[in-house]
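Here the structure is laid out as structure tokens; the discussion comes afterwards.
The values are calculated or read from the model by the stated rules, or taken from the named source; none is laboratory data. From a predicted model like this one, the values you see are computed outputs, not experimental measurements. With ideal geometry, Cβ positions are generated from the backbone for all residues, glycine too; neighbour counts draw on all protein chains shown.
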């Protein structure tokens, strides 16, 4: 596979983590509803800082390890199961929680509020079991595969790591921007109710997408796991 194809596959996989409902999405909506759409993206900045350390650690570990084909298939199958679970969670938690949405948006911004929102994103990422499960189940296995493919085309671990990182966080920032802009429409109750209906449909689509993608990974790994080839 070429560099573009590899990064495109990683982008699609990264969407399964970015689109998962959880505390980070709630933090984005909370910050945006309080201080506006630009402030709402700051929890994603904190999230990206945490992921910089995680991806760096994975790349260093992968570079020091030699993974056998059967190990890669085990990790891929397990990652597929985790992604399916994310999809089921998305389908289950399709209702938008508007209990934290305030109709009044405070426009003032200070260093303290910026640090507060960024730190909130970092903390909810570190302590979210969904976040850790995704990285253990999907991120580890697929970065291992991606790194091997990219090194063949690029020849350096550093550049491969940079491409992997920025491709991954782009999905978080895109979805975070969508949530942040959506949350600012909650200035009136009618707007909140309208937005809730749209987000319900989005979460249903997200859930179905994740389940389908997870099943495809499981089916790809299954023949090797069952028959050893």
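When 123, 38, 91, 132 are checked against the criterion of being within 22 Å of residue 19 (Cα to Cα), surrounded by fewer than 18 Cβ atoms within 10 Å (Cβ to Cβ), at pLDDT 70 or above and within 13 Å of the chain's Cα centre (by Cα), 132 stands alone in meeting it. For the stretch 135-149, the criterion of being in contact with a helix residue (DSSP H, G or I) (Cβ under 7 Å, 6 or more places away or on another chain), more than 22 Å from residue 86 (Cβ to Cβ) and modelled with pLDDT under 80 is met by at least one residue.
Yes/no per residue for (1) part of a helix (DSSP H, G or I); (2) loosely packed, with under 15 Cβ neighbours inside 10 Å; (3) at pLDDT below 80; (4) more than 13 Å from the chain's Cα centre (by Cα):
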position	(1), (2), (3), (4)
20	no, no, yes, no
28	yes, no, no, yes
45	yes, no, no, no
48	yes, no, no, no
57	yes, yes, no, yes
